[in-house]
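First up is the structure itself, then whatever we jot down about it.
The values are calculated or read from the model by the stated rules, or taken from the named source; none is laboratory data. Just so it is clear, the structure is predicted and the values come from calculations on it, not from any experiment. Please note: Cβ atoms are built from the backbone with ideal geometry, for glycine as well, and neighbour counts cover all protein chains shown.
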Amino acid sequence: MNVTGLDLLPLLSDRDPDAPLAWRAGVPVSAREFLADVARLAPQLPEGGPVVNLCTDRYAFALGLAAALVRGQASLLPPDARADTLARLVEPDGRTYALLDDPQVATPGMPRVLVEHRAPPDASGAHDVVPQIEAGLHAVSLLTSGSTGAPQPHAKSWSTLVGDVAAAVARLAELLGRPSLAGLTLVATVPVQHSYGLESSALLAMLGGAAFDSGRPFFPADVVQALASVPQPRALVTTPFHLKTLLLSGMALPPVDLILSATAPLSPQLAAQAEQAMGGQLIEIYGSTESGQVATRRPTRSEVWETFGEIRVHAEHDDAGAERFVFEGDFVPEPTPMADVLELLDDRRFRLLGRANDLIHVAGRRSSLGYLNHHLNSIPGVEDGAFWLPDDVTDGVVRPVAFVVAPTLDAHAIVAALRERLEAVFVPRRVVHVNAFPREGTGKLTVRALREFALAQLAADGTPVQLTHEVPADHPVFAGHFPGQPLLPGALLLSEVLEAARRVPALSARLGPRPTLAAAKFLAPVRPGSLLHIDLTPESGTSRGLRFEVRVAEVVAASGRWTPGGEP
């Protein structure tokens with residue numbers, strides 16, 4: 001799509017103004033009513049912006065997004081509404097404000113506008129004219145937590161979003177054998193602030209002719225109720241995690257014409273179960289926040305992905321010599337590398353082999369966490385599971401640990417099943433049962449969240465926790481300790497041990513806010529550039545103490561014990 005910043009593109013696609021654009025608790029909202037609501041809300045928005053759209057109701061979100069576009073303001077879409085996340089979004093000039101539908105949500109440092117119930121229908125026809133939006137307008141900035149936990153903004157122009165949805169509509173309509181998506185109602189389990197939730201619910205309705213359910217059902221009963229409340233044809237927009245939970249519920253599922261899944265690869269077995277249970281075809285979407293949605297596949301028919309429209313993919317090497325795969329063309333504004341390893345069949349078709357940062361090496365053998373997780377979650381009785389690779393090394397080998405939600409299986413049964421599926425070096429020596437994982441609203445389990453969760457789980461049951469820390473060679477303390485023979489002072493070494501314990505929630509809770517150093521021995525010097533191996537062992541019984549040992553290579557440099565404040 002060739003547009004310039006001066007071109008104008010409509011806020012809504014060409015559609016019947018009286019046909020539903022949204023459904024709220026089973027009640028339809030027409031495009032005409034939506035435009036009336038936009039006309040009412042837009043003048044209420046403060047000057048300037050950007051606006052932080054925190055609305056959880058999908059209709060309120062779409063209304064706020066549209067009103068901001070009409071005012072020429074960008075919408076910031078954070079991954080959550082935590083105070084630290086929102087604090088990063090406040091601009092120095094103080095023009096940032098929040099848009100929300102829940103008055104209980106705190107927005108420190110930001111003015112707020114509450115999106116209230118929609119206006120009554122306007123039968124005068126005064127709102128039949130669809131607003132035109134400047135194509136090059138900065139429409140949204142998607143802020144994703146990714147693996148680091150720190151929001152990273154990805155700006156999208158209105159023309160990019162329009163082109164993204166247009167490519168998806170063409171593909172989905174073709175797969176459904178329909179001339180358009182008119183009449184299709186979308187029920188989404190995905191947060192609308194996420195790129196996939198935005199593209200495949202609110203925008204697929206506004207720009208693609210479909211309609212969306214305003215809720216965000218999470219539990220299986222809620223999903224069933226939401227699907228049953230809207231007419232056919234209908235589509236379920238979801239993730240592998242939500243889909244597996246829905247199928248495991250055993251509930252009778254309303255028929256759907258289409259199931260969309262994204263955020264993680266879906267196994268052919270789960271896809272086949274979903275198609276059989278709900279009757280519609282399951283389509284996976286591939287993309288990223290940076291690129292938007294760029295390819296699809298139907299996993300019950302093929303493992304091969306095919307790009308949208310005129311998008312092409314090629315391999316190249318970065319400055320460090322590592323191979324990466326770059327998507328460009330069509331609505332993608334600039335060549336965009338993906339954080340995945342692909343097998344290219346041609347410039348439009350590929351296989352997905354796994355995340356580039358997902359590859360692991362154990363005892364000289366290579367695999368990926370995605371591959372291991374696939375087999376773990378394929379075991380009947382495993383409701384959810386994830387492999388984790390700890391920092392510690394046993395017998396010269398890093399041993400993976402498997403965490404599972406599997407109420408009906410014991411660890412021996414899971415290990416036995418994995419032995420039939422994996423090479424011996426990847427079979428975990430330990431399986432830890434948990435109640436649930438700290439997944440995001442999209443079902444994604446970030447690297448950072450999994451690490452913190454794994455350490456907390458292991459520490460909670462008295463298992464030693466092993467962490468590593470590299471002592472910077474240029475740390476300023478070495479200047480005075482001591483010229484010609486620099487070493488790390490004991491006080492700083494103890495501080496590193498305490499900081500390591502603070503990074504493990506269960507250990508931090510054990511020690512409390514003011515821990516006491518009960519004992520310490522310094523046995524060997526720690527030099528600049530040393531890699532510290534810090535072993536933290538919760539004491540058993542009634543004691544709340546924490547024993548530690550610090551090693552450099554195989555040499556014990558220090559050992560001792562921390563206790564909660566006030567204990568001996």
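Structure data summary
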| read-out | value |
| --- | --- |
| Enumeration of residues in segment 52-90 that are of a type in the set (Gly, Ala, Ser) and either surrounded by fewer than 23 Cβ atoms within 10 Å (Cβ to Cβ) or farther than 16 Å from SER195 by Cα (or both) | ALA60, GLY64, ALA66, ALA67, ALA68, GLY72, ALA74, ALA81, ALA83, ALA87 |
| Boolean, GLN193 is surrounded by fewer than 24 Cβ atoms within 10 Å (Cβ to Cβ) and not aliphatic (A, V, I, L, M) | no |
| Lone qualifier among LEU536, LEU532 - being closer than 25 Å to ARG448 by Cα, out of contact with any Asp or Glu (no Cβ under 8 Å at 6 or more places or on another chain), part of a strand (DSSP E or B) and at pLDDT 85 or above | LEU536 |
| Lone qualifier among GLU420, GLU343, GLU334 - being among the acidic types (Asp, Glu), over 27 Å from the mean Cα position of the chain (by Cα) and farther than 24 Å from GLU452 by Cβ | GLU420 |
| Selected residue (only one of LEU494, LEU507 is at pLDDT 90 or above, in a helix (DSSP H, G or I), under 39 Å from the mean Cα position of the chain (by Cα) and not polar (S, T, N, Q)) | LEU494 |
| Residue identified as modelled with pLDDT of 95 or more, charged (D, E, K, R) and loosely packed, with under 14 Cβ neighbours inside 10 Å among ASP346, ASP319 | ASP346 |
| 1 or more residues farther than 30 Å from GLY197 by Cβ and in contact with a strand residue (DSSP E or B) (Cβ under 7 Å, 6 or more places away or on another chain): qualifying strands (runs of 3 or more DSSP E) within segment 363-448 | 365-368, 401-405, 430-433 |
| Count - residues of segment 381-400 that are of a type in the set (Asp, Glu) and modelled with pLDDT under 65 | 2 |
| Test: residue in segment 340-351 that is farther than 25 Å from VAL313 by Cα and either aliphatic (A, V, I, L, M) or assigned to a strand (DSSP E or B) (or both) | no |
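Yes or no, residue by residue, for (1) assigned to a strand (DSSP E or B); (2) more than 23 Å from GLY370 (Cβ to Cβ):
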| position | (1), (2) |
| --- | --- |
| LEU227 | no, yes |
| HIS242 | no, no |
| ALA252 | no, yes |
| ALA264 | no, no |
| ALA271 | no, no |
| ILE283 | yes, no |
| ARG301 | no, no |
| ASP319 | no, yes |
| VAL326 | yes, no |
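The rows are residues; the columns are (1) among the acidic types (Asp, Glu); (2) more than 22 Å from GLN466 (Cα to Cα).
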position: TYR371; (1), (2): no, yes
position: ASP384; (1), (2): yes, yes
position: TRP388; (1), (2): no, no
position: PHE403; (1), (2): no, no
position: HIS412; (1), (2): no, yes
position: VAL415; (1), (2): no, yes
position: LEU418; (1), (2): no, yes
position: VAL425; (1), (2): no, no
